[in-house]
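J.: Please find one structure pasted underneath; my questions will follow.
The values are calculated or read from the model by the stated rules, or taken from the named source; none is laboratory data. Owing to the predicted nature of the structure, the values given are computational and were not obtained by experimental measurement. Cβ placement follows ideal geometry from the backbone for every residue including glycine, while neighbour counts extend to all protein chains displayed.
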């Protein structure tokens, strides 16, 4: 994912002549770095300056941030050049482009739920209840035919992390050979669907689909469907 730096600044009085060559040298150094995409500078009538700098990825941006000559320029900017500045780093979440008669669009947020599903599978495989429950909102609900079968009084639904912890701990204790083998993950902007095989010694494999509704990066509802 590309990242854009929005750098707004105001120079101190009388430093423009010295600042110009130094800024030009930093620009030439930046464009030679891996991951540099583009930069544009603008100056408003009131003297505020705005620079927009694009980098191909966060690791490459961080490498530029920590580069020795650039670190020195940052210190010099604070001690000699800038009266004030602000810096924002923006991730490219959604957008569209039109050029040469072609319109394209993208939505990186559609894939942000996939890592939640991957982390869920990894935590389940490791029997790591703390990691598993860290993916859930405190008031999340979990429904499953197995819950209804073993605890009919619940109607098949558990609410809250304490209830889910007790359920999964009991499952791990009773079924030490239980494994979930992932076959498909389908991620959307606010939900993700896992498809996996429930494998248990002495029992036929059972295909399962499990959906997670996600809000603010946490699962608020999970629902299990047996094939």
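J.: Got a sec? Which strands (runs of 3 or more DSSP E) wholly within the range 5-123 have at least 3 residues that are in contact (Cβ under 8 Å) with a residue 40 or more places away in the chain and loosely packed, with under 14 Cβ neighbours inside 10 Å?
T.: Hits in the range 5-123: 82-91.
J.: Is it true that some residue in the range 179-187 is within 17 Å of residue 121 (Cβ to Cβ), loosely packed, with under 11 Cβ neighbours inside 10 Å and assigned by TED's automatic domain parsing to the domain that holds residue 134?
T.: yes
J.: Before we move on, is residue 149 touching a residue at least 12 places away in the same chain (Cβ under 8 Å), under 20 Å from residue 225 (Cα atoms) and assigned by TED's automatic domain parsing to the domain that holds residue 220?
T.: So residue 149 does not fit the description; no.
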